[in-house]
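Each remark here refers to the structure printed beneath this line.
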Amino acid sequence: QVQLVESGGGLVQPGGSLRLSCAASGTMFSRYDMGWYRQAPGKQRELVAFITSAGRTTYGGSVRGRFAISRDNAKNTVYLQMNNLKPDDTALYYCYCADLARWGQGTQVTVSS
């Protein structure tokens, strides 16, 4: 059973950067389409970024140009580089494996001065 473990969240000032990591167990990682989603209090979960097994990427409109998703199949890890963070980026960020419909436990990102 594949487990997804996120890390890298924290408190950052507006304009700062963070890099989130999602480590997956198992041996089939390279074949999976992976994504990052986020959910702020009182709001619906929304797509942040998505990367296919072939490396094609998609971004939510509010983060395009500021965030970058990537993957390292040798490390079974997908990353989310977040730059120029804004208070509206504050949320619980979740890693998602689309092929297995599996979520990680989430990592909190708080952007505040």
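How about the stretch 42-71: which of its residues are over 23 Å from G15 (Cα atoms), assigned to a loop (DSSP other than H, G, I, E, B) and among the aliphatic types (A, V, I, L, M)? A54 - this is the single residue of the stretch 42-71 that is over 23 Å from G15 (Cα atoms), assigned to a loop (DSSP other than H, G, I, E, B) and among the aliphatic types (A, V, I, L, M).
Test G16 against the stated conditions and say whether it is over 17 Å from Q108 (Cα atoms), surrounded by fewer than 18 Cβ atoms within 10 Å (Cβ to Cβ) and not aromatic (F, W, Y). Criteria not met by G16. Under the condition of being surrounded by 13 or more Cβ atoms within 10 Å (Cβ to Cβ) and of a type in the set (S, T, N, Q), the residues counted in the stretch 19-34 number 1. If we scan the stretch 35-42, do we find a residue that is basic (K, R) and open to solvent by 30 Å² or more (accessible area, probe 1.4 Å)? Looking for residues that are basic (K, R) and open to solvent by 30 Å² or more (accessible area, probe 1.4 Å), one finds none in the stretch 35-42, hence no. Residue pairs whose Cβ atoms lie under 8 Å apart, sitting 6 or more positions apart in sequence or on different chains, and linking a residue in the stretch 33-62 that is modelled with pLDDT under 95 to a partner that is β-branched (V, I, T), are G60/V48. Mind checking which residues of the stretch 19-51 are under 15 Å from T107 (Cα atoms) and of a type in the set (K, R)? Correct list: R19, R38, R45.
Scanning the stretch 63-99 for residues that are open to solvent by 70 Å² or more (accessible area, probe 1.4 Å) and not acidic (D, E) yields R64, G65, A74, K75, N84, K86, P87.
Scanning the stretch 18-41 for residues that are aromatic (F, W, Y) and not in a loop (DSSP other than H, G, I, E, B) yields F29, W36, Y37. Could you please give the count of residues in the stretch 72-106 that are more than 13 Å from L47 (Cα to Cα) and assigned to a loop (DSSP other than H, G, I, E, B)? The total comes to 12. Filtering the stretch 82-92 for residues that are within 24 Å of L11 (Cα to Cα), of a type in the set (S, T, Y), touching a helix residue (DSSP H, G or I) at 6+ places or on another chain (Cβ under 8 Å) and in contact (Cβ under 8 Å) with a residue 24 or more places away in the chain leaves an empty set.
The values are calculated or read from the model by the stated rules, or taken from the named source; none is laboratory data. No experiment lies behind these values; they were computed from the predicted model shown. Methodologically, a virtual Cβ is constructed for each residue, glycine included, from the backbone with ideal geometry; neighbour enumeration extends over all protein chains shown. Surface areas here come from the heavy atoms of the whole protein model, side chains and all, with no ligands, DNA or RNA. Shrake-Rupley method; radii C 1.70, N 1.55, O 1.52, S 1.80 Å.
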